[in-house]
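Have a look at the structure below before the remarks.
The values are calculated or read from the model by the stated rules, or taken from the named source; none is laboratory data. None of these values were measured; they are calculated from a predicted model. Neighbour counts are summed over all protein chains in view; Cβ atoms, including those assigned to glycine, are modelled from backbone coordinates with ideal geometry. Please note that ligands, DNA and RNA were not included when accessible areas were found on the heavy atoms of the full protein model with its side chains. Shrake-Rupley method; radii C 1.70, N 1.55, O 1.52, S 1.80 Å.
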Amino acid sequence: MGKDKIMAEREELVKTKGGLTRAQFLALMEWGALGLSLGGFGFISGCATKSRVKGVGEKSTTELINTVCRICGPRCGMTASIEGDRIEKLEGWKEFKSKGYLCPMGLSLKELVYAPDRLKYPMKKEGNDWKRISWDEALDIIAEKLNGIKKEYGAEAVDFHFGKALVAQESRYYMERLCNAFGTPNYSSVGSQCHGAKLMGYKLTYGCIPKPDYKNTKCIIVWGCNPEASDPLAAESILKAKEGGAKLIVIDPIKISLTKEADVHLQVRPGTDGALALSMLNVIISENLYDKEFVENWTVGFDKLVDLVKGYSPEKVSEIAWIPADMIREAARMYGSNKPACICQGNALDLHTNTVQMIRSVAILQAVCGNLDVAGGGLVESEAKLADISLAEKRPEVKPVGAAEHPLFYEFRYQAQANHLPEAILSEDPYPIRAMVVVGGNPLLTGPNANKMRKALKKLDFVVVMDLFMTPTAEFADIVLPAATFFERADLVTRGKIMFLDKVIPEYEESRPDWKFIFELGKKLGYEEYFPWKDAEEAFDHRLAPLGITVEQLKKEPLGIALSEEGYKKYEKNGFKTPSKKVEIYSEKLEKFGYDPLPVYVEPNESPVSKPNLAEEYSLVLTSGARIPVYMHTMMRNIKSLRKMVPDPVLNINPKKAKELKIEDGDGVVVETLRGGIEVKAKFTKEIDPRVVHVPHGWSDPANVNVLTDDEVLDPISGFPAYKSLLCRARKKA
Ligand SMILES: Nc1nc2c(c(=O)[nH]1)N[C@H]1C(S)=C(S)[C@@H](COP(=O)(O)OP(=O)(O)OC[C@H]3O[C@@H](n4cnc5c(=O)[nH]c(N)nc54)[C@H](O)[C@@H]3O)O[C@H]1N2
Ligand SMILES: Nc1nc2c(c(=O)[nH]1)N[C@H]1C(S)=C(S)[C@@H](COP(=O)(O)OP(=O)(O)OC[C@H]3O[C@@H](n4cnc5c(=O)[nH]c(N)nc54)[C@H](O)[C@@H]3O)O[C@H]1N2
Ligand code: SF4
Ligand SMILES: [Mo]
């Protein structure tokens, strides 16, 4: 499809489908949108720079303030029209790198800010009721409780947990600082299910995660990622590259909308991507399609890789991964002979019991083909670092939960492995955990084995949750605190460029920015010396000091200041950031920790191959949590205009398989695994492999998919859970 045609189609969809781009629209069709007569959205349009303009009426003035959406990864620029203290309208910021684009979620954020169910003030649980209290009272209670628990059981009995909402914030660094000051090693996060495994796999192999350079590429693999749903700006770049002649390979158990543009679609069995990558390497090595010079000068262990991949012929892997051998060959040849090539690698590779080695095999595929840090390949970026404020010297002797099981995860992240928390809380092994402070996350819906998590939350003596809403996790809290949205707080954003973003409206009711809660709790707990800053700007100046810039300077650079080093093949100067300074196909570090030094393939723990007996009863392969364009994890279900588009939690199932199971489209169905069962609606999806089913995440009971997921058998290296490869069964609800 021509570029103009794509743009024209997109504009048409924007007009007719209420703010949805082509990508969003197609992705929605896949994921079970039922009501598509939308409306209620603005069109994508741009707004000028920050200025104060006269309103139509004589007296009223509208202030236009540019900011950046921090709901998900792309960080689109938005222009807020502010009247008085209220957001009146949100539009795309044309001058920003997102060029005026906002997705349906971005466009509906006014509804989120002023949602009637937003938390307005701190509350304390009294029996089954919530009682309004002041911030001072809340902070006093929290400090007294936490210090009491510390005295009785040790500081490690308190876990501080941050969710996705803090990933985009400076506050998480202050939360880590607070943990170290307080003396608990139990600082846990959503990094136990997101990004962490990828970071480990890539860091072990070549020191950093490469950034795909779509603009200059000749071939793209979209691997376990659906950017049309999860990162619309990346999807657009991929479509542009394709339009410019680049080849496109999609590796996904579902025919996602991008497969319509793809040259090859490998409909992989979930969790077997490691075997597939090794098989592609088998073809690339035997057909001499790799970069000999790079391999010779910049890798360690290539000879051992040659031996390893001999066991992964396309014929053999065809049986493992459910892909015809000649298609594996075709994809391998395409990737190996169209250089430079890059990989758009998604979170679906992070969530298996064999994840770090799987990620390493994909990393190695990129490296040996000579696609590292070249124009059109995977760019190895090194970003300037802000001041480390972690108080590392105060890290206690006692190790966090999960460190014994996944010592390398601990070495990389200095965090607890959150997936072990429910078990640790219930069994009091390695020690009692008595309290949890959860900020910006909803672990009851997003962590593995929700039934166990619920029991664990019940068992705790004291739970604090800071959120925008009364979430299912917050229902278990003793104290609930109202958080300010990103519109209502100052922050630093560091994504390639560093920006200071001031608040655009005052805090809603009694809500507070997360940083403020952390600073104030720090002071109340007796660590004033570690939180000496009078406000966020002063604290950010401290963080910015190593860069030689200040908040004042950043205020004068509304588009931000670049953080990363420019240029290609930067490794030629200082080598890669690994012990050998080379790409470590053979990792001595892994060997030292007792893991296989090579990127071996291991079957997922629960699969028709590893557990054939179990598969007789639970015959469907379950993958979960593929992104829905109108929801951010557990968020946005209360936004009416979005809910209209995706009203129900579903089971995506191939009609052929459904017929066998006597399930009709739209039927209520029960989906079960060894852990438990949930209820959702069947949604026929002919794009999914008949042996595989998908359930989205983020919905509450009785549709919480993480009731089905496992917290016990995790990836040995990272401790990541198998959200994308389990065994389940489905039946029509009686
Ligand atoms: N709208 C929206 N956007 C988001 C988010 C959101 O909640 N909503 N969340 C953000 C966050 S935190 C993240 S981590 C990203 C994640 O977003 P992505 O990286 O795109 O990952 P997923 O959506 O989990 O899965 C992408 C694709 O992987 C496929 N898949 C499932 N299992 C396997 C497998 O075993 N192998 C392969 N090859 N493919 C598989 C799925 O069918 C799906 O099409 O999205 C971010 N963007
Ligand atoms: N089965 C399955 N489970 C998954 C996944 C999957 O693919 N499959 N994906 C995993 C991944 S990649 C991720 S990232 C996690 C996400 O896991 P979580 O972080 O636990 O989930 P979110 O829904 O993003 O939680 C964010 C919470 O913060 C609140 N919030 C929003 N803004 C703010 C703010 O500024 N301050 C505060 N204090 N609160 C705020 C929201 O209302 C929401 O309740 O889910 C994981 N869970
Ligand atoms: S894609 Fe949507 S939610 Fe994500 S940053 Fe952009 S506007 Fe915000
Ligand atoms: Mo994530």
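Quick notes
- Meets criteria (in contact with a helix residue (DSSP H, G or I) (Cβ under 7 Å, 6 or more places away or on another chain) and either within 16 Å of ligand 3 (Cβ to nearest atom) or under 30 Å from L112 (Cα atoms) (or both)) for D159: yes
- Unique residue being surrounded by 23 or more Cβ atoms within 10 Å (Cβ to Cβ), under 28 Å from G100 (Cβ atoms) and in the same structural domain as W322 (by TED's automatic domain parsing) when the list is L266, L233, L276, L258: L258
- Of all residues in the stretch 204-228, those that are open to solvent by less than 10 Å² (accessible area, probe 1.4 Å) and either within 15 Å of ligand 1 (Cβ to nearest atom) or in contact with a Pro (Cβ under 7 Å, 6 or more places away or on another chain) (or both) total 6.
- For the stretch 328-352, residues that are more than 14 Å from ligand 1 (Cβ to nearest atom) and either hydrophobic (A, V, I, L, M, F, W, C) or open to solvent by 30 Å² or more (accessible area, probe 1.4 Å) (or both) total 10.
- T184 being among the β-branched types (V, I, T), farther than 30 Å from K151 by Cβ and either crowded, with 24+ Cβ neighbours inside 10 Å or away from ligand 3 (no atom under 16 Å from the Cβ) (or both): no
- Residues that are part of a strand (DSSP E or B) and modelled with pLDDT of 95 or more do not occur anywhere in the stretch 107-117.
- Of E538, E552, E529, E510, all but one fail to be assigned to a loop (DSSP other than H, G, I, E, B), acidic (D, E) and open to solvent by 30 Å² or more (accessible area, probe 1.4 Å); the exception is E510.
Rundown of residues vs (1) out of contact with any helix residue (DSSP H, G or I) (no Cβ under 8 Å at 6 or more places or on another chain); (2) more than 16 Å from ligand 2 (Cβ to nearest atom); (3) free of Cβ contacts under 8 Å to residues at least 40 places away in the same chain, yes/no style:
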position: P608; (1), (2), (3): no, yes, no
position: P612; (1), (2), (3): yes, yes, yes
position: E617; (1), (2), (3): yes, yes, no
position: V630; (1), (2), (3): no, no, no
position: S641; (1), (2), (3): no, yes, no
position: I653; (1), (2), (3): yes, yes, no
position: R675; (1), (2), (3): no, no, no
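- Filter result for E423 (open to solvent by 10 Å² or more (accessible area, probe 1.4 Å) and over 27 Å from S725 (Cα atoms)): no
- Looking across I343, I364, I328, one residue alone is in contact with a strand residue (DSSP E or B) (Cβ under 9 Å, 6 or more places away or on another chain), away from ligand 4 (no atom under 16 Å from the Cβ) and in a strand (DSSP E or B). It is I343.
- Of the numbered criteria (1) more than 16 Å from ligand 2 (Cβ to nearest atom); (2) surrounded by 16 or more Cβ atoms within 10 Å (Cβ to Cβ); (3) β-branched (V, I, T), the one T61 fails is (2).
- Of the residues making up the stretch 653-674, those that are open to solvent by 60 Å² or more (accessible area, probe 1.4 Å), outside any helix (DSSP H, G or I) and charged (D, E, K, R) are K662, E664, D665.
- Tally, over the stretch 456-488, of residues that are closer than 30 Å to I65 by Cβ, in a loop (DSSP other than H, G, I, E, B) and among the small types (G, A, S): 1
- Residue within the stretch 569-580 that is of a type in the set (D, E) and in a loop (DSSP other than H, G, I, E, B) present: no
- Tally, over the stretch 409-436, of residues that are outside any loop (DSSP other than H, G, I, E, B), within 21 Å of D388 (Cα to Cα) and in contact (Cβ under 8 Å) with a residue 12 or more places away in the chain: 3
- Members of the stretch 68-92 that are within 12 Å of ligand 3 (Cβ to nearest atom) and open to solvent by 10 Å² or more (accessible area, probe 1.4 Å): C69, R70, I71, C72, G73, P74, R75, C76, L90, E91
- In the stretch 453-478, the residues that are aliphatic (A, V, I, L, M) and within 27 Å of V113 (Cβ to Cβ): V463, V464, V465, M466, L468, M470, A474, A477
- Elements of type helices (runs of 4 or more DSSP H) in the stretch 215-306, at least 1 residues being touching an Asp or Glu at 6+ places or on another chain (Cβ under 6 Å): 232-243
- Taking first residues from the stretch 163-185 that are part of a loop (DSSP other than H, G, I, E, B) and partners that are small (G, A, S) and within 16 Å of ligand 3 (Cβ to nearest atom), the Cβ contacts under 8 Å between residues at least 6 apart in sequence or on separate chains come to G163/G440; Q169/G440.
- With respect to the conditions (1) in contact (Cβ under 8 Å) with a residue 12 or more places away in the chain; (2) more than 16 Å from ligand 3 (Cβ to nearest atom), N347 falls short on a single one, namely (2).
- Residue check, S192 touching a residue at least 40 places away in the same chain (Cβ under 8 Å), within 16 Å of ligand 4 (Cβ to nearest atom) and buried (at least 24 other Cβ atoms within 10 Å of the Cβ): yes
- Near pairs, Cβ below 7 angstrom, 6+ apart or cross-chain, from the stretch 359-386 (surrounded by fewer than 24 Cβ atoms within 10 Å (Cβ to Cβ)) to any residue that is in a helix (DSSP H, G or I) and of a type outside the set (F, W, Y): A375/N216; G376/N216; A384/L547; K385/P546; L386/R543; L386/L544; L386/P546; L386/L547
This table checks each residue for (1) in contact with a Gly (Cβ under 6 Å, 6 or more places away or on another chain); (2) aromatic (F, W, Y); (3) modelled with pLDDT of 95 or more; (4) assigned by TED's automatic domain parsing to the domain that holds R454.
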| position | (1), (2), (3), (4) |
| --- | --- |
| L651 | no, no, yes, no |
| K686 | no, no, no, no |
| W699 | no, yes, yes, no |
| V705 | no, no, yes, no |
| K724 | no, no, yes, no |
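- Scanning the stretch 346-361 for residues that are assigned to a helix (DSSP H, G or I) and not polar (S, T, N, Q) yields A348, L349, V356, M358, I359, R360.
- Residues within the stretch 229-274 that are more than 14 Å from ligand 1 (Cβ to nearest atom) and either of a type in the set (A, V, I, L, M, F, W, C) or at negative phi (or both), tallied: 13
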